[in-house]
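Have a look at the structure below, then the notes.
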Amino acid sequence: METMNMSKLHLSSARSQHPNENSQIQSEVKYESNTFLDPDDEYQCEYKEEIWKYLLEQESKKPNILLQSPQLEFRGALVKQLREVSKKLGLSIATLHSAVAHLDLFMDAHRLRSDRLTHVALACLSLAAKADEKFSRAPTLKTLSKVSSVQLCGKTFRQLEWMVGQHVRWRLLAPTPVAFASLLAQYVVADSDLTTRHPKFVRRFRRDGMKLLEAYLDLTLSDVRLKVVESVEVGCACVSCARAELGLNAWPDWLADITGRTKETVAPVARLLHRMMQIKSRETTDSEVDQGYGSARTTPNITPSTSPQYHISSPGTSTYCPPQINAEYLIPNNTTLPYYTNSNQNTEYRLCKASRLIEASIEPSTSMAVKRNMDQSELELDRKRYRVSLSQTVQ
């Protein structure tokens with residue numbers, strides 16, 4: 001692992017000494033919502049199959065990440081900061097994921113000064129925005145400095161961008177889970193899944209599906225160990241979890257044929273993401289405070305309490321590597337998710353139902369369904385069977 005001394009770059013993390021100027025700066029910045037789908041619908045064209053094959057080809061060329069950075073404890077705070085800056089600048093989720101991917105690769109091969117990690121993260125975000133966003137939306141150095149409240153020197157910051165670009169071999173458009181999920185976004189709610197064609201219902205149902213897909217994609221940034229999983233599998237798992245939370249078949253056969261990913265391949269990652277979402281929902285309910293992102297040493301929703309700008313790293317050699325970080329990360333093949341008695345709560349009930357649908361995508365239920373009709377006796381029989389099955393589930 002290469003040792004990098006960034007003291008020569010003379011990058012200063014001090015805030016501007018003019019508070020009035022900062023107040024004017026904040027008023028000039030436009031706060032825009034983070035969009036998931038491409039506004040130009042570049043993926044929704046007749047070349048979707050060719051794009052999918054090309055992304056798979058590029059996925060096979062991605063360098064392996066070894067999770068050997070001794071500064072992984074700061075990753076959660078860095079990702080949280082990148083998320084806030086990208087939201088203020090109105091950058092897409094694809095840009096955020098690309099920036100985090102560049103940051104993970106660069107940190108994996110370098111040991112940086114802890115008070116310079118913020119500058120590295122901003123350089124990764126700048127490169128990702130120049131590659132993914134339109135030219136008019138890519139932030140300038142001045143805008144990036146104003147939004148992040150970090151004073152940046154133009155010459156040295158460009159040198160840092162060059163170092164990051166050289167390390168990733170200028171593969172700034174390497175596929176991320178967002179790229180694969182964007183191609184599959186239209187299948188979160190397919191036409192065959194709709195029980196009614198009412199325009200208002202369809203719009204709301206599809207909007208809820210996009211929000212769930214965006215939430216699961218956002219969740220994939222929580223744990224750096226997901227980087228060892230192929231991006232296509234993570235993207236497919238996000239689609240599967242979003243469908244399951246909507247009460248749909250998590251991974252139907254026709255979707256497996258389109259993607260070339262079987263249920264047995266997608267389900268383990270989907271189980272893991274679903275479990276992470278359960279943990280996050282409970283932490284949010286208990287504390288009502290979003291703690292941001294975790295890292296390899298923390299839970300999925302807890303960030304280090306020490307800011308990377310003011311932390312003084314302990315002395316060590318450039319080859320220092322904690323044993324728990326280098327441990328091989330394996331996705332559990334058979335994760336048992338508990339069912340809770342407080343299923344009357346909307347969140348718990350929805351997650352419980354989604355878990356059952358994910359499991360059913362591999363092992364279909366053997367219980368027989370009763371077809372509803374206008375016969376009152378049949379309807380009453382259906383209701384009784386439903387109550388019995390529900391009582392058995394939540395025990």
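The values are calculated or read from the model by the stated rules, or taken from the named source; none is laboratory data. For clarity, every value in this text was computed on a predicted model and none was experimentally measured. In this analysis, Cβ positions are derived from the backbone assuming ideal geometry, glycine residues included, and neighbour counts consider all displayed protein chains.
For this structure, a couple of remarks:
- Of the residues contained in the range 91-100, none is found to be touching a helix residue (DSSP H, G or I) at 6+ places or on another chain (Cβ under 7 Å) and over 23 Å from D223 (Cα atoms).
- Whenever a residue of the range 96-124 is more than 17 Å from V178 (Cα to Cα), its partners that are in a strand (DSSP E or B) and among the β-branched types (V, I, T), lying with C-beta atoms within less than 6 angstrom and at least six residues away or across chains, give the pairs R111/T3.
- Complete set of residues in the range 187-205 that are surrounded by fewer than 16 Cβ atoms within 10 Å (Cβ to Cβ) and either at pLDDT 95 or above or in a helix (DSSP H, G or I) (or both): D191, S192, P199, K200, F201, V202, R203, R204
- Among the residues of this structure, L183 does not count as one that is surrounded by 12 or more Cβ atoms within 10 Å (Cβ to Cβ), among the aliphatic types (A, V, I, L, M), farther than 26 Å from R111 by Cβ and without any contact (Cβ under 8 Å) to a residue 12 or more places away in the chain.
- Unmet criterion (only one of (1) assigned to a helix (DSSP H, G or I); (2) surrounded by 14 or more Cβ atoms within 10 Å (Cβ to Cβ)) for L152: (1)
- Among helices (runs of 4 or more DSSP H) entirely within the range 1-107, having at least 3 residues that are at pLDDT 90 or above singles out 48-60, 75-89.
- Residue match in the range 232-246 (condition: of a type in the set (G, A, S), surrounded by fewer than 23 Cβ atoms within 10 Å (Cβ to Cβ) and over 13 Å from the mean Cα position of the chain (by Cα)): no
- Taken together, the residues in the range 92-117 that are more than 24 Å from E230 (Cα to Cα) and either in contact with a Lys or Arg (Cβ under 7 Å, 6 or more places away or on another chain) or of a type in the set (A, V, I, L, M) (or both) amount to 2.
- S136 meets the conditions (1) more than 30 Å from L246 (Cα to Cα); (2) over 26 Å from the mean Cα position of the chain (by Cα); (3) surrounded by fewer than 16 Cβ atoms within 10 Å (Cβ to Cβ); (4) not acidic (D, E) in every case but one. The failed one is (2).
- Matching option when the condition is over 24 Å from H274 (Cα atoms), of a type outside the set (V, I, T) and under 19 Å from the mean Cα position of the chain (by Cα), among L212, L184, L160, L172: L172
- Filtered by the rule that a residue be within 24 Å of L72 (Cα to Cα) and either assigned to a loop (DSSP other than H, G, I, E, B) or of a type in the set (A, V, I, L, M) (or both), the range 120-143 gives V120, A121, L122, A123, L125, L127, A128, A129.
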